[in-house]
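The values are calculated or read from the model by the stated rules, or taken from the named source; none is laboratory data. Just so it is clear, the model here is predicted, and its values are computed rather than measured. Cβ coordinates were reconstructed from backbone atoms using ideal geometry, including for glycine residues, and neighbour counts include every protein chain displayed.
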Amino acid sequence: MAKRKPKKTPDNQLAQNRKARHDYTVTETVEAGLVLTGTEIKSMRERRITLQDGFAQIRNGEAWLMNVHISEYAQGNQFNHDPLRNRKLLLHKKQIKRLGLATQDKGVTLIPLKVYLKHGFAKVLIGVAHGKREYDKRESLKRREQDRQIARVMKHY
């Protein structure tokens, strides 16, 4: 079996939630800004962020990013941040209202797909997602493998 090259991430991408597309069906995506402290952004630039268990919530007309782990900054002092604190998302009121209505349905959640830098500002791509069942996951894996086989055969012709 041939060695596979590791996927190269763009320089501005800080973290990606790879498991999200496997566990959820993403129907819509929204780009949001993040309210961060100084040590958080420095730690994020070192790519010390984990999105695995993260989710977003709409509370009191504001969007919040919950359960995203940003490690403490190594050179931080007593003003270092709490790694699991809730972070406010910067969105327009219309976007917050639309996301709030979308999450009213059963089984719909907001999940962070990736975090990246855009013009020096930290942005998070939030996905409106429906949870997949086990048989849905197997079906998508089977379809992906079939597409790979078709591409392999078509490459020779």
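For GLY120, the stated conditions hold: it is at pLDDT below 90 and more than 23 Å from ARG21 (Cβ to Cβ). If you filter segment 94-118 down to residues that are part of a strand (DSSP E or B) and of a type outside the set (A, V, I, L, M), you find that the one that is surrounded by the most Cβ atoms within 10 Å (Cβ to Cβ) is PRO112. The selection criterion, being without any contact (Cβ under 8 Å) to a residue 40 or more places away in the chain, touching a helix residue (DSSP H, G or I) at 6+ places or on another chain (Cβ under 9 Å) and either over 23 Å from ASN67 (Cβ atoms) or not basic (Lys, Arg) (or both), does not hold for VAL128. The set of residues from segment 110-157 being over 11 Å from the mean Cα position of the chain (by Cα) and of a type in the set (Phe, Trp, Tyr) comprises PHE121, TYR135, TYR157.
Filtered by the rule that a residue be under 12 Å from GLN57 (Cβ atoms), touching a residue at least 40 places away in the same chain (Cβ under 8 Å) and β-branched (Val, Ile, Thr), segment 69-125 gives THR103, THR109, ILE111.
Among the residues of segment 119-141, those identified as exposed (fewer than 12 other Cβ atoms within 10 Å of the Cβ) and of a type outside the set (Asp, Glu) are HIS119, GLY120, ARG133, TYR135, ARG138, LEU141.
Take the conditions (1) surrounded by 14 or more Cβ atoms within 10 Å (Cβ to Cβ); (2) in contact with a helix residue (DSSP H, G or I) (Cβ under 9 Å, 6 or more places away or on another chain); (3) of a type in the set (Val, Ile, Thr); THR27 misses just one of them, which is (1). The sole residue among ASN77, ASN12 that is modelled with pLDDT under 90, touching a strand residue (DSSP E or B) at 6+ places or on another chain (Cβ under 6 Å) and not hydroxyl-bearing (Ser, Thr, Tyr) is ASN12.
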